[in-house]
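The values are calculated or read from the model by the stated rules, or taken from the named source; none is laboratory data. Worth saying up front: this structure is predicted, and the values here are computed from it rather than measured. We place every Cβ from the backbone using ideal geometry, glycine too, and count neighbours over all the protein chains shown. When the accessible area is computed, the model is the full protein with side chains, heavy atoms only, and any ligands, DNA or RNA have been set aside. Shrake-Rupley method; radii C 1.70, N 1.55, O 1.52, S 1.80 Å.
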Amino acid sequence: MAELLPFVEKHLDTIAQCLLRGGVVILPTDTVYGLACHPDHPEALERIRQMKGRDADKPFQLLAADDNAVWRDGALRLPDIERLVMHWPGALTLVFPTKKGHTEGYRVPKAPLLQKLLARCGGTLRCTSVNLSGEPPARDAKEARRILGDKVDLILDGGPANLGIASTVAIIDLDGKYKIIRQGMIRLN
């Protein structure tokens, strides 16, 4: 079973080092508990895919420290995008076209300590909910530990997830028009 640490500021360096070395961490977000890894470690992402039993063609979002991390990472600034990013930080994942010619899903969580961890890890982390594919997500560290605690490197306990509901996901085209592909907490007009 992985080590369980309270998700507090004094542990941020330890957590960041684990992620920067290619570790997989269970952490609290503002929505549900997540499985996170550093985007520079595809082997860690593959571990997560195997843990969850997730299809290889289903992508993982990037949690970002702030919207500047999203633009630095290569998301295109699109027409009328400000009306959507005004929901950040929050429970909205936006799938943008990128400068590299593919799409990428980004979310800026409304959790100051998590934002600090993201910044220490370079601005973004790959993340998905703690659950087996098709099952409901974990809403606290105890539940997350029961589901996948023996397969990760570190478990962070930040108490119950605030919302307990996954984020809304919207895909955006080059004209700045969007389509909801998963309805969550945020409702877009």
Within-14-Å neighbourhood charge of R72 [Cβ basis; K, R +1; D, E -1] | -1
DSSP bridge orientation in the chain - percent antiparallel, rounded to nearest 5 = 65
Quick one: net charge of L114's neighbours, Cβ under 12 Å, K/R +1, D/E -1?
-> +1
Kindly count the pairs of lysines across the chain whose alpha carbons are less than 24 Å apart, treating pairs on different chains or eight or more residues apart as eligible.
-> 18
Computed over the stretch 1-151, the relative contact order (Cα-Cα under 8 Å, seq sep at least six) in percent reads 32
Measure off 7 Å from each Cα along the Cα-to-Cβ vector at D173 and D80, then give the distance between these two points in nanometres to one decimal.
-> 1.1
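For the chain, with only Lys/Arg (+1) and Asp/Glu (-1) charged at the beta-carbon, what is the dipole magnitude about the Cα centre, in debye rounded to 20?
Using only the charged Cβ atoms, the result is roughly 200 debye.
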Heavy-atom surface of the chain, accessible at 1.4 Å and reported per residue (Å²) = 49
Long-range amide H contacts for Y106: which residues qualify at under 5 Å (H placed 1.01 Å from N, peptide plane, sequence gap of 5 or more or a different chain)?
-> L62, L94, V95, F96
In terms of modelled amide H atoms, which long-range or inter-chain residues lie less than 5 Å from the amide H of S129?
-> L35
D157 accessible area, 1.4 Å probe, all protein chains in place, Å² to nearest 10 = 60
Of every hundred units of 1.4 Å-probe accessible area on the chain, the number belonging to carbon and sulfur atoms, as a percent, is 50
Each residue of the stretch 143-155 in turn: what ³J(HN,Hα) in whole Hz from Karplus with 6.51, -1.76, 1.60 and θ = phi - 60°, glycine and Pro shown as x?
-> 5, 4, 5, 5, 6, 9, x, 8, 10, 10, 8, 7, 10
Choice from Y106, Y178, Y33 showing the highest fluctuation, given a GNM over the chain with Cα pairs closer than 10 Å = Y178
What figure in square angstrom, to the nearest 10, would you give for the accessible area of R77 with a 1.4 Å probe?
-> 150
If you keep only loop residues by DSSP, which trypsin sites (Lys or Arg not before Pro) in the stretch 108-189 have at most 12 other Cβ atoms within 10 Å of their Cβ?
-> K177, R187
For G53, net neighbour charge (Lys/Arg +1, Asp/Glu -1) across residues whose Cβ lies under 14 Å away = +2
Once you have the Cα-Cα distance between A119 and K100, take 0.36 nm times their residue separation minus that, and quote the gain in nm to one decimal.
-> 4.6 nm
Karplus ³J(HN,Hα) for the stretch 23-37 (6.51 cos²θ - 1.76 cosθ + 1.60, θ = phi - 60°; Hz, whole; x = Gly/Pro) runs x, 10, 10, 8, 9, x, 10, 7, 10, 9, 6, x, 9, 10, 8
